[in-house]
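The values are calculated or read from the model by the stated rules, or taken from the named source; none is laboratory data. Small disclaimer: the values here were computed from a predicted structure and weren't measured. We place every Cβ from the backbone using ideal geometry, glycine too, and count neighbours over all the protein chains shown. The accessibility values were calculated without ligands, DNA or RNA, using every heavy atom of the protein model including side chains. Shrake-Rupley method; radii C 1.70, N 1.55, O 1.52, S 1.80 Å.
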Amino acid sequence: MVELVNASVIVKKMASDSKQSKYLTVYIHYNGLFARKPLVYLNAVVVSIRDVDFGAMDFKDFNLFIAKLIEGSCDNVYYCTRNEPLAEGIRRIRNDADYFEFIETGYSDEAGLRMNVYIDHENEPVLDWADMEVMEDDEGHYSEEDLDDDIDSQLSDDVPYEHEADDYIPSLDKTIGDEFLHRVSGMCKDIDDEAETDEVETKNGDDKPVYPIHNENQKWDKMVPILGMRFSNPMELKNCLTNYAVKNGYNLYFEKNDSQRLLVRCCKENKNPSCPFRLWASWMSSERSFQIKSLVDEHNCSRVFKLGSIVTYKWIGMHFKNQLVKNPKMSIRKMKAKVSTKFNLIVSVTQCRNAKRYALDEIEGSLMEHYGKVWSYGEEIMRTNPGSTVKIDVNVMPDSTTYFSKMYVCFKGVKDGWIAACRRVIGVDGCFLKGICRGQLLAAMGRDANNHIFPIAWAVVEVENKETWKWFLDLLLDDIEMGIGHGLTLISDQHKGLIEAVKERVPAAEHRQCARHIYANFKKRFKGEQYRKLFWAAAASTTQPKFEAEMNSIKKIDPLAYEHLMERDPKIWCRAFFEVDRACDAYENGISESFNSIIDLARKRPLITMLEEIRIYAMERMYKMLQEGQSWGNLKICPSIRLKISKLKKQQRFWGVIPSGIQQYEVRIGNDGYAVDLNNNTCGCRSWQVSGLPCVHAVAAISYLNRNAEDYVAPWFHTSMFLTCYNHTINPLNGSSMWPEAPYMKPLPPQKRRLPGRPTLKRKKDQSEMESKGKTRHTISKAGSVNRCTICRERGHNRSTCPTRPADVASTSRPKNKKPKKCKKEKGKVEPVQVDPVQANPVDPVQVPAPQVDPVQADPVDPIQVPAPHVEPVQEDPVDQLQVQAPHVEPVQEDPVDPLQVPAPHVEPVQADPMDPVDVPAPPVDPVQVDDPHPDVDVPAQPVATRQRIRKYSERITKIGLRRKVLKKEGSTGHNPMVLE
């Protein structure tokens, strides 16, 4: 019977449903394809077969059955159990032995009579993919987004540029067998890797029992204590028992533990006294081996996830050493989570913190040994490659401590090949190192006759700046014998230190700057497809009139964009201004970017390991290129140049050729016309003179004469130049164990540079990079856009901040950083209160209302407190409330100099709060000039209250209530006008 598995499954009938429980249920996946990371089988047709006795078949019968089912060939058949990940459990069926293993696996308890079979129709290396995926999971590879990538490798644009083809990119793991070079690179053999089982010695002639020898390189989860097993020291046995306990979840503990003996039990008495496991080990008397003397390996305890002191921080650190080499910034909590996932174990944060510190200390010790070999590595290069240049600089501290600073390498065979047969065009660039060794790699790349990369020299420095570039350029110019740069062209990015170094050290050279970097900066301010097309059209222009036409088109759109590009000096990024007779029209530095991508894996290695990977890559490349050049036979020019010429031959048929003189022609199409001189190899478009290759106009004139355009190609692109370039070789080096000792003080790793501010973990990505990865917004972002004012129509501000905005025009937005700050009131703090000079005495709580006069404008905050004149002094009772009846008087003229002295009018008693001096505000009155009715009366000046506590409302109500109760209790009557009823 065939069962429908999902919507894409094709239902077919196979047989009746009989003996279903005795046969395997096989799910056959076909008409799909394998995909990587993670390993899956996509777009498959799935058929489940339940009533076929696969156990009665052999490999040939099974193959015929599958071929008939899928109606096609089945050369590549794989299987995996249903409950196991595809990358971990996939196996291939190639013969009868594999098929019988497939049947045996299907009938095992783990499979449960259910198996998956996959048909590979594309001949993919599925097993290699699975091994790589499992290795990456074990080693804990991290994402490339967590790395500090350089922006040069992330420039995204669809304009094609010259770079190294994928066929010429070899593997950079040639030094993986050298234990010293990969001790701190994270590529050494991991303790989780498979190894041989414990060694067992054969019996001797005396028929004495022979016990196995522990193999410390065995995979950790395969270690099991065996009776009589011999160890070199007690520490090996403890490590074996720790692995054994973690694998099975046994709560082992050391009851006796010293340098002579070891007693191990499982589960302490207060937890589970019935577990019989017991191990006793001590030193042997006949030899220097630590042996397990007695062992009861039975357990009746349950699995535990939190072991005791048997799991130490050193054990955790050794398992995470390789991962910390690749990612030293791994967090403690992430390490704790990895321990829980990988070992099914619960550990504390403190254990992980100590484990990370221990692992980093081990790495640091290995790193010091690694840098101590720098002098020996340089001596080995000079011994095997005489004439090469190796420069090592160190920083000597006042206490005579020596730190590594920088190192330069240029091999004799490389520089001889460049001087003999390479164009005088060099691309220089720097890139970051990504591994445990921080710094930057500076490299100089040439171009061979086939227009591919030719590594010339490379150097490792602490930081890329003006001084390091001057140091690198001085050594490079000495090696290639170019002096101050006459006839030399350099191509680089826009690094300011490099630009200044070129001006000082190579003043006579032509310095081109990568147009991709210029456009990346231009795009930050001026975005759009129209800008992009016009920019690259201007950069590719070979004549000045064409360049000016494209720039004028940009100027019509936005004059600021035109000014921005003209400030970058078009002579360094436009072909119309390049020097002729250099046989190179490149306006980008794709050759250097190609080299950076090739050595991406090597940049994660330590110093000497990375340099060795680059050396081996250059040495192997020179040999392979020589073999390839010799296989071209009688070709006059290199294959990549032939491809360009063949494309021009197809385009030339649209151009008309008009002969003018001897070897002189006018080539026209429409309104465009160019003068071609075959005697001098020139064309009016300047492309022939700049690139060294005939342009389409020259090819049209050559075809008019029925000649071969390859005869007019510059000699730099001939096959003979290619063979001459790679005829020089790099001599091989011995292994690290055979390097000579140098009579110099061993340098320490370079000091760590602490940059100001908080270190960033990820590089800031451009919007174009986010769009290329599918991380787009749902709305248009205004980040980086320039505002335009709606009043003056100028850029750089809006109408709220416009200097020409009239006062009556309302602002559309609140200015930034104008939000008033809230002042927090502290308890018990007295704030200053501003009052007018004319105010009632704060000591005397007598409140006098204003007279009934015409309305006068008064201060709403500080009301005028008018004291009553000619009032007998009254002794203030701190409890009684005072009421003052002022006589009725006429308004008087106010003295503008003296404080306002107004007699109190006759009014009815008014209730006033004795604790609040600002209780009854004065009614509004018109400003009237009044005369002082009593000019001879000397009224003392009223003090100004400067610090007064503001009483809470609830506190005031409580005080009033208490005073009323006191007055009633004392029996106060209404005959006293100063008593509050």
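For the set Met335, Met482, the ranking by accessible area, highest first and with no ligand, DNA or RNA atoms included, is Met482, Met335 under a 1.4 Å probe.
The simple spin-label model puts a point 7 Å past each Cα toward its Cβ; for Ile662 and Glu287 those points are separated by 9.6 nm. Take the Cβ-Cβ distance between Ala35 and Ala537 as r, set R0 to 35 Å, and report the resulting FRET efficiency rounded to the nearest 0.05. E between Ala35 and Ala537, to the nearest 0.05, is 0.30. What is the mean projected area of the alpha carbon convex hull for the stretch 543-587, to one decimal in square nanometres? Averaged projected area of the stretch 543-587's Cα convex hull equals 3.2 nm². Within the stretch 475-558, the GluC sites (Glu not before Pro) that combine a DSSP coil assignment with at most 16 other C-beta atoms in a 10 angstrom radius are Glu481. The calculated Kirkwood hydrodynamic radius for the stretch 658-710 is 10.9 Å, given to one decimal from all distinct C-alpha pairs. Could you grab the Rg to Rh ratio for the stretch 298-387? Cα atoms only, Kirkwood for Rh. Ratio of gyration radius to Kirkwood radius: 1.25. Rg of the Cα atoms in the stretch 68-121, relative to 2.2 N^0.38 Å, amounts to 1.13. So for the stretch 403-479, taking the charge dipole from beta-carbon charges (+1 Lys/Arg, -1 Asp/Glu), which of Ala449, Val409, Val425 sits furthest toward the positive end? The residue sitting most towards the positive pole is Ala449. Summed over the residues of the stretch 515-658 and divided among them, the accessible surface reaches 45 Å² per residue at a probe radius of 1.4 Å. For Tyr665, the solvent-accessible surface with a 1.4 Å probe is about 20 Å², rounded to the nearest 10.
When the accessible area of the stretch 510-567 is computed with all protein chains present and a 1.4 Å probe, what percentage of it is carbon and sulfur?
Using a 1.4 Å probe with all protein chains present, the stretch 510-567 comes out at 50 percent carbon and sulfur.
Looking at the calculated P(r) for the stretch 266-323, what percent of the C-alpha pair distances fall above 12 Å?
Pairs farther apart than 12 Å: 77 percent.
Measuring between their Cα centroids, the stretch 538-590 and the stretch 53-95 lie 62 Å from each other. The residues of the stretch 272-424 present an accessible area of 45 Å² per residue when probed at 1.4 Å with all protein chains retained. Spread over its residues, the convex hull of the C-alpha atoms of the stretch 564-673 is 223 Å³ per residue.
According to the Kirkwood relation over distinct C-alpha pairs, the hydrodynamic radius of the stretch 236-298 is 12.3 Å.
Each peptide in 403-416, 740-753 receives the mean, over its residues, of other Cβ atoms within 10 Å, and ordering these scores from highest gives 403-416, 740-753. Extending 7 Å from the Cα toward the beta-carbon at both Thr312 and Gln260 defines two label points whose distance is 2.1 nm.
Translational diffusion coefficient of the stretch 521-623 (Stokes-Einstein, Kirkwood radius from Cα pairs, 25 °C, 0.890 mPa s): 148 µm²/s.
Summary of packing: across the peptides 553-563, 451-461, the per-residue average of other C-beta atoms within 10 Å ranks them, highest first, as 451-461, 553-563.
Each residue of the stretch 319-454 gets 178 Å³ once the volume of the Cα convex hull is shared out per residue.
Structure shown: which of Lys391/Lys604; Lys342/Lys434; Lys496/Lys571; Lys406/Lys746; Lys222/Lys314; Lys604/Lys752 lie over 24 Å apart, alpha-carbon to alpha-carbon? Lys342/Lys434, as the Cα separations exceed 24 Å there.
Near Leu262, the amide H atoms lying under 5 Å from its own belong to Ala281; only residues 5 or more places off or on other chains count, and H is placed 1.01 Å from N. Taking the average, over residues, of other Cβ atoms within 10 Å as the packing measure, peptides 425-433, 709-717, 670-678 rank 425-433, 709-717, 670-678 from highest down. Restricting the calculation to Cα atoms, the stretch 392-531 shows an Rg/Rh of 1.03 when the hydrodynamic-style radius is the Kirkwood one.
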